[in-house]
Amino acid sequence: MSGTVSAGRDQETLKNLIGGRWETAGVTEFDDVFNPATGEVIARVPLSGGEVVDRAVAEAAKAFAAWRDRPVYQRSQIMFRYKRLLEENKERLACSITLEHGKLLAEARAEVERGIECVELACGITMHLQGRNLENVATNVDVEMYRQPLGVVAGICPYNFPAMIPLWMFPVAIACGNTFVLKPSERTPRTAVLLAQLLLEAGLPEGVFNIVHGSRQAAARLLEHPEVRAISFVGSQPVAAAIYREAAAHGKRVQALSGAKNHLIVLPDADLDVTLEAVVGSAFGSTGQRCMAGSVLVAQNRVADEFLEMLIERANNLKVGSGFDPETEMGPLIREQHRERVKGYIAKGEQEGARLLFDGRRASVPPQGFFLGPTIFDQVHPDMTIAREEIFGPVLSTVRVETIEEAIDLVNRSEYGNGAVLFTQSGKAARQFRRYANAGMIGINIGVPAPVAAFPFSGWKKSFYGSLHVNGLDGIEFYTEKKVVTSRWF
Ligand code: NAD
């Protein structure tokens, strides 16, 4: 089929999906898509301009009238079929993720599973879309509240979850009766094509879901297009802040999920073996390229030496390699440029006086591809760059503290508030942490408090711009408008 992604690894040219057709009309520029584990080019992605975006939005607008009038049970049935197709194609999707992102196949499978849970939320749209009513607010006067779709809505996605993050957005948006334009990350665009093929196979009418590949130019046009009613964005903090401002200036509803600097607090009463695996998974899983990645280890003085010793031994044995190799524990970074950026942070940590305990630049890694070993710093001061800025790589910075209050204070002083995690066996400490840590996703003896589709994914501070989050009932609220009808019959 034209525009499809073959299961093979030959270089391919990806296509936009506009009004049900796979095409590259109007595209003059393409970018390379790499396999980060080998450094080889595996595909070419269109860098679409404004004219292509305009056509996609026009097709989505055209499809809206009929789609919003499709009975809600029919829309939900399409989501049930989509869920089954995603399950049947789980391995294909996971392989596509590992190929273009580099994460372990096990991590890619888990990503697809988390994404399918978002489709399950959309399957339940007949319940979630219900309104409310109140009889007799005045004599013979009744009030009803309905939820109605917005129209054309758009999603702009980052590279690090090529399946799950688009699935946070379009299933719920479409189930609510909207039509959708997706701009996947130009660095991991193949998986979105597979997601779209399965959606069409599930019976979605043409034009309801469209893909425009590209980078900032395509995104910029979506932000200003008068027919796009809402923007869902996930990506880095500076871009999220700019997207929020720009889309709002054009009168759009916006949810912009942004960067992170997540703290992992270890108290002396924690089960250290369990904590070790959780910290390793959080800091080095997906090569640190997760918005929920643990980046600052906050160790209470009484446990710091013992725990760091365990951590270094574990880092020393961590096998770095291709995500397709079942023995591998950590894959590559997304691009050479990103690897250089992460190395720059390691150099900066040394310059600012942190103690480099384990240097990922010297680790044994495959010669090809964009690999970097795990890195661990100790004696990091909270004001140092590596303690404040998002690195988005396998670098863990240790700050030592004396009390849990000091640890919570560190979390709260961060500009970011995506996640924070505590390891302890004390219910009192856990409660104190849950109550006073200023972050949206809290983990207690959980290394990665990952999003759960039924709940909002709830970053705070500079980790989120907007008011309604993705997932859960926030997702339904974000993609619908409320209409209140007051009536009296004679
Ligand atoms: P990025 O900000 O570079 O890109 C995200 C998207 O924005 C891409 O589609 C890109 O093409 C587009 N874009 C880039 N610059 C733009 C501009 N100037 N104007 C308009 N669009 C632009 O992010 P990334 O490197 O792909 O992803 C990693 C970042 O995403 C990290 O900071 C990570 O923390 C964040 N992230 C956050 C969450 C969350 O839930 N908070 C989840 C995943 C990733």
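Just a few scattered comments:
- Among Ser463, Val208, Ala450 the positive-end extreme of the charge dipole of the chain (Cβ point charges): Val208
- Alpha-carbon Rg with Dmax, taken over segment 341-394, Å: 11.3, 35
- Aspartates and glutamates with Cα under 16 Å of Lys90, excluding same-chain neighbours fewer than 8 positions away: Glu100, Glu107, Glu111, Glu113, Glu117, Glu120, Glu201
- For segment 151-185 versus segment 234-250, the gap between their alpha-carbon centres in whole angstrom: 16 Å
- With Cα atoms, 0 to 90° folded angle of helix 90-101 axis to the chain main axis: 60 degrees
- Each residue of segment 262-444 gets 105 Å³ once the volume of the Cα convex hull is shared out per residue.
- Each of Ala363, Val380, Tyr345 was placed along the dipole of segment 331-385 (beta-carbon charges, centred on the mean Cα), and the one lying farthest toward the positive end is Ala363.
- Check: the chain dipole with +1 on Lys, Arg Cβ and -1 on Asp, Glu Cβ, in debye: 1200 debye
- Of Lys62/Lys183; Lys15/Lys462; Lys261/Lys348, those spanning more than 28 Å from alpha-carbon to alpha-carbon: Lys15/Lys462
- Average accessible surface area per residue within the chain, 1.4 Å rolling probe, Å²: 40 Å²
- Between Phe64, Ala241, Ala25, the Cα set farthest toward the positive side of the dipole of the chain (charges on each charged residue's Cβ, about the Cα centre) is that of Phe64.
- A DSSP coil position with no more than 15 other Cβ atoms inside 10 Å describes the following GluC sites (Glu not before Pro) in segment 329-421: Glu352, Glu402, Glu415.
- Computed accessible area, Tyr436, all protein chains, 1.4 angstrom probe, square angstrom: 120 Å²
- Against the main long axis of the alpha-carbon atoms of the chain, helix 190-201 sits at an angle near 30°.
- Whole-angstrom gap from segment 70-109 to segment 352-366, using each part's C-alpha centre: 37 Å
- Degrees separating the helix 336-351 axis from the principal Cα axis of the chain, which is the longest one: 40 degrees
- The residues neighbouring Asn418, those whose beta-carbon lies less than 13 Å from its own, together hold a net charge of +2 under the Lys/Arg +1, Asp/Glu -1 convention.
- C-alpha center-to-center spacing [segment 448-467, segment 423-438] in angstrom: 19 Å
- What a 1.4 Å probe finds exposed on segment 262-444 is 44% carbon and sulfur by accessible area, rounded to a whole percent.
- Over the chain, the pair-distance histogram of Cα-Cα distances with 10 Å bins from zero comes to 4, 20, 28, 25, 15, 6, 1, 0, 0 percent, rounded to whole numbers.
- About its Cα centre, the dipole of segment 262-444 is roughly 460 debye, where the only charges are +1 on Lys and Arg Cβ and -1 on Asp and Glu Cβ.
- Helix-only [θ]222 nm of the chain, DSSP H runs n ≥ 4, -39500 (n - 2.57) each, per residue, nearest 500: -12500 deg cm²/dmol
- Its relative contact order, with pairs defined as Cα atoms under 8 Å and 6+ residues apart, puts the chain at 18 percent.
The values are calculated or read from the model by the stated rules, or taken from the named source; none is laboratory data. The shown structure was predicted, so the numbers you read here are calculated from the model rather than taken from an experiment. Cβ atoms come from the backbone with ideal geometry, glycine included; neighbour counts cover every protein chain shown. Surface accessibility is based on the protein's heavy atoms, side chains included, excluding ligands, DNA and RNA. Shrake-Rupley method; radii C 1.70, N 1.55, O 1.52, S 1.80 Å.
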